[in-house]
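Enquirer: Could you have a look at this structure, given as structure tokens, before my questions?
The values are calculated or read from the model by the stated rules, or taken from the named source; none is laboratory data. In this text the structure is predicted, and so the values were computed from the model without any measurement. Here Cβ is always computed from backbone atoms with ideal geometry, including for glycine, and neighbour counts include all displayed protein chains.
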Amino acid sequence: MADRHGGTGQIQRPARLTTTAAAAPNTNHALPFLRKLQEYAPNSRQLLGFFTLVISGGILLLLTGMTVTVAVLSLIFLTPLLVISSPIWIPVAAALFVATAGFLSMCSIGLAVAAALSWMYRYFRGFHPPGSDRFDYARSRIADTASHVKDYARDYGGYLQGKVKDAAPGA
């Protein structure tokens, strides 16, 4: 342990600052600070990126301010014109809405019809489009139900005709 402290066994204390030492800059303490500062200082590429960011942000902030200013001024000056001409604009807007809604409805119905015709063409050609298995199952269920109703009518048809003749003997 004595080897750590210079071998004399005594603890060395740092010298106290006197008024002359405090007035003169101590270069021993300033050098590590400057080295750390240079270590973390941005290089020219980072500095150029930062300046580009600041300039772009400033331009976008300026354009945002101009846009808001123009929007507010246009509302101030054009609102009276809009109020005066509103009897014209409201029917025009309603007619445009109805025309647009009708056009979009017709387009969507036409698209649905084209999709249905395409599906039916592929189904009848035997290509098995998506959902054809469910369609075949529904068709077989309907056919089975129709067959059962036909058999039921055949079995009980004579019984019902006899009841009708009893209710109306002249019929």
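Enquirer: Only one residue in Ala101, Ala116 is of a type in the set (A, V, I, L, M) and more than 30 Å from Arg134 (Cα to Cα), so which one is that?
Expert: Ala101
Enquirer: If you go through region 57-78 one residue at a time, do you hit one that is surrounded by fewer than 10 Cβ atoms within 10 Å (Cβ to Cβ), at pLDDT below 70 and of a type in the set (Val, Ile, Thr)?
Expert: Taking every residue of region 57-78 in turn, none turns out to be surrounded by fewer than 10 Cβ atoms within 10 Å (Cβ to Cβ), at pLDDT below 70 and of a type in the set (Val, Ile, Thr).
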